[in-house]
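Data first, discussion second: the structure below is written as structure tokens.
What follows draws every value from the coordinates through simple rules; no lab data is involved. Treat the numbers as computed from the prediction; the structure is a model and nothing was measured. Quick reminder, even Gly has a Cβ in these numbers, built from the backbone with ideal geometry, and neighbours come from all protein chains shown.
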Amino acid sequence: MKEEKAGQPARAGRFLGSLKDALVAASRDDTQPAQSIAQTIAGLPAVITPAAPTDIVSAEQAAAQQQQQQDSLSAEEAARQARGASTPLEQRHIEMDAPPTTRVVRSPRKEAPVPDEDDDVTAPARTQLVRGRQRVERGEFNQDPVVGWLVVVGGPGIGNYRPIFEGNNTVGRSDKNRVPIDFGDDAISSEEQAYIRYDGSDRSFLFVPNLAKTNVVSLNAKRPTGAVELAQMDVITMGRTQLVFVPFCGPEFDWSALSEVKS
């Protein structure tokens, strides 16, 4: 601590022997006894309070006041207060077992069902990726190939169709016919009211009415008495039903041409 030079008055508001300076000195050594603080204060010169400059406090009175405060505070606590320390760690109340404030909620995990022994667990075949040009094999027909269709454009069953197959095709209301027109028109004969034939050798279609039946059939508003060649979009009238002929095979294509196509 620096001493005031001779002939210079003491600065107003500063305590040369204040308690703060004593506590700072005590904080340098926590083991310093309380008597050393009192002895330090006792050795300081008298101070002049800023409120009453003429009131001189003796060192003995300052030491007595300091001693009274030290009776309630130990040197260790005084040093801790000088360092600005808070409540000792061992005296703090900390709940270490308290649950966290943030809860993590996880959705239940869905497990795949375990198949039974009787269940068919065969997985479907995966789709294969095809790259480049693949060879297509021509096999045998498992059913009669379709060569054309009859599409219903008027009467019961409008919008429906029936396929025409290679060779001779009987046309009638019964399902025993190769081309059954069974949409509810009872004006059509049950069996063989007409015939449609496709000949693969010359790739042509023929329409042949059954003259043994009393119900008359028409082709493009005409009543044929014999075989008539069918052309695309010809209209056949049977009873109250109108049918449009749509060929698939013909001069431009026939199923026999597939054997000539190179793979």
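Going by the alpha-carbon gyration tensor, a ≥ b ≥ c the square roots of its eigenvalues, is the range 111-263 rounded (a/c under 1.5) or, if a/c is not under 1.5, prolate (a/b greater than b/c) versus oblate?
On the way: a/c = 3.04, a/b = 1.65, b/c = 1.85.
Cα axes put the range 111-263 in the oblate bin.
Which of the three applies to the range 146-223, rounded, prolate or oblate, going by the alpha-carbon gyration tensor with a ≥ b ≥ c and a/c under 1.5 meaning rounded? The partial results should precede the final answer.
Numbers: a/c = 1.57, a/b = 1.30, b/c = 1.21.
Note, shape of the range 146-223 comes out prolate.
Give me E229, E192, E137 sorted ascending by neighbouring Cβ count inside 10 Å, so fewest comes first. Could you put the intermediate results ahead of the total?
Working: E229 10, E192 16, E137 6.
Arranged by neighbour count, lowest to highest, E229, E192, E137 become E137, E229, E192.
Using the per-residue mean of other Cβ atoms lying within 10 Å as a proxy for protection, in what order, highest first, do the peptides 218-226, 144-152, 125-133, 159-167 fall? Intermediate values should be presented prior to the final figure.
Numbers: 218-226: 11.3, 144-152: 17.8, 125-133: 5.9, 159-167: 16.0.
Per-residue Cβ counts within 10 Å, averaged per peptide and sorted highest first, yield 144-152, 159-167, 218-226, 125-133.
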